[in-house]
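The values are calculated or read from the model by the stated rules, or taken from the named source; none is laboratory data. All values reported here derive from a predicted model rather than from experimental measurement. Reconstructed Cβ throughout: ideal geometry from the backbone, glycine too, with neighbour counts over all protein chains shown. Only protein heavy atoms, including side chains, enter the accessible area calculation; ligands, DNA and RNA are left aside. Shrake-Rupley method; radii C 1.70, N 1.55, O 1.52, S 1.80 Å.
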Amino acid sequence: MIRHLLSGADLDAAAATQILDTAAEMATVAGREVKKLPALRGRTVVNLFYEDSTRTRISFEAAAKRLSADVINFSAKGSSVTKGESLKDTALTLQAMGADAVVVRHPASGAPHRLANWVDGSVVNAGDGTHEHPTQALLDAYTMRARLGRLAGLHVAVVGDVLHSRVARSNVLLLSTLGAKVTLVGPPTLIPVDIAQALASGIDVSYDLDAVLPNVDVVMMLRVQRERMTDSYFPSAREYARRYGLDAPRMRRLPEHAIVMHPGPMNRGMEITPEVADSPRSTIVEQVANGVSVRMAVLYLLLGGNNL
Ligand code: NCD
């Protein structure tokens with residue numbers, strides 16, 4: 001097993017499958033009365049969050065606690081970061097406290113990679129800028145496999161604000177490794193020209209959502225990330241929703257078995273309507289539940305626990 005999980009590209013098919021299989025074992029713990037394993041007793045996991053987060057932070061915390069690790073939650077707000085302390089000095093502090101794993105979310109792309117050079121423990125990237133979010137890609141792959149029975153040969157459309165999406169980047173890398181086919185869909189302004197070739201081979205790009213929908217097994221809607229937008233990338237929210245939003249009539253273009261995913265948080269009414277988000281085809285709530293199992297598997301395997 002690798003020491004850090006920084007990118008979807010860190011995992012080959014065997015390592016990714018090992019994580020998904022271990023996550024399936026971990027999922028059985030969630031069904032027990034006592035939802036805890038002793039695997040990481042005495043180990044310390046630090047959650048280092050420099051950016052807002054609901055699901056990812058809670059999910060990592062639940063995962064570490066279910067494995068009996070000691071968990072320290074650090075959020076930049078209310079810490080010495082607001083006094084200008086650098087990432088490196090914070091890292092050295094964590095190091096001195098004996099962190100076995102550091103889970104980091106940071107607005108700067110590449111911050112987890114820097115951190116990995118400064119601490120002895122394992123670093124897990126929980127989202128860095130517009131770059132990567134590998135555990136989200138793993139939980140998405142887990143959800144697809146659980147619902148559709150396989151990953152190899154699946155056709156996945158990743159739709160919307162690809163430009164700002166670390167979820168899209170990690171998904172493209174991991175899904176390609178696992179033998180799925182990916183088509184990126186969105187307005188030309190939100191799909192970087194070279195992204196398809198830069199990430200992996202065999203990635204298609206389309207600007208026409210209606211044409212792609214009948215041919216996919218999975219449609220993954222991305223949040224329009226207004227907080228990262230420095231320009232106007234589309235004429236209006238209404239126009240965006242009209243061309244790239246998933247509503248009920250559009251959902252009916254999908255094959256019978258196809259599923260609808262979204263990493264959250266959603267802009268209901270923009271990239272996805274409430275009717276679609278709350279439909280039986282939607283896996284949005286399952287994705288959150290599966291996230292805990294997948295993060296348990298990641299922490300367990302990285303820290304080499306052996307009491308499973
Ligand atoms: C995503 C993120 O933070 O990258 N959310 C998540 O982790 N579940 C996607 C987003 O913010 O749109």
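Tabulated data for the structure shown
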item: Whole-Hz couplings from phi, Karplus 6.51/-1.76/1.60, listed for the range 121-132; x for Gly and Pro; result: x, 7, 10, 10, 7, 9, x, 10, x, 9, 8, 8
item: The range 207-308: chymotrypsin sites (Phe, Trp or Tyr not before Pro) in DSSP coil with no more than 10 other Cβ atoms inside 10 Å; result: none
item: For V103, residues with placed amide H under 5 Å, excluding near neighbours; result: V46, N47, L48, V124
item: Whole-number accessible area per residue in Å² for the chain, which is evaluated in the context of all protein chains at 1.4 Å; result: 42 Å²
item: Trypsin sites (Lys or Arg not before Pro) lying in DSSP loop within the range 197-287, provided at most 11 other Cβ fall within 10 Å; result: R252
item: Amide H contacts of L184 (H built 1.01 Å from N, under 5 Å, at least 5 apart or other chain); result: V158, D204, V205, S206
item: In order through the range 272-281: 3J(HN,Hα) via Karplus (6.51 cos²θ - 1.76 cosθ + 1.60), integer Hz, x for Gly, Pro; result: 8, 8, x, 4, 6, 4, 9, 7, x, 6
item: Computed [θ] at 222 nm, deg cm²/dmol, the chain (DSSP H ≥ 4; -39,500 (n - 2.57); rounded to nearest 500); result: -11000 deg cm²/dmol
item: Carbon/sulfur fraction of accessible area - the chain, other protein chains in place, 1.4 Å, %; result: 50 percent
item: Percentage of interatomic Cα-Cα distances in the chain larger than 27 Å; result: 41 percent
item: Estimated D of the range 134-283 in µm² per second, where Rh is the Kirkwood radius over Cα pairs and Stokes-Einstein applies at 20 °C, 1.002 mPa s; result: 141 µm²/s
item: Separation of alpha-carbon centers, the range 126-184 and the range 14-78, rounded to whole Å; result: 21 Å
item: Convex hull projection area averaged over all views, the range 227-308, Cα basis, nm²; result: 8.2 nm²
item: 4 °C / 1.567 mPa s Stokes-Einstein diffusion coefficient of the range 82-148, Kirkwood radius on C-alpha pairs, µm²/s; result: 99 µm²/s
item: Two-decimal Rg/Rh across the range 134-173, once Rg and the Kirkwood Rh are taken from alpha-carbon atoms; result: 0.97
item: Whole-Hz couplings from phi, Karplus 6.51/-1.76/1.60, listed for the range 55-66; x for Gly and Pro; result: 5, 5, 5, 5, 5, 5, 5, 4, 4, 5, 5, 5
item: Hydrodynamic radius of the range 1-135 per Kirkwood, over alpha carbon pairs, in Å; result: 15.5 Å
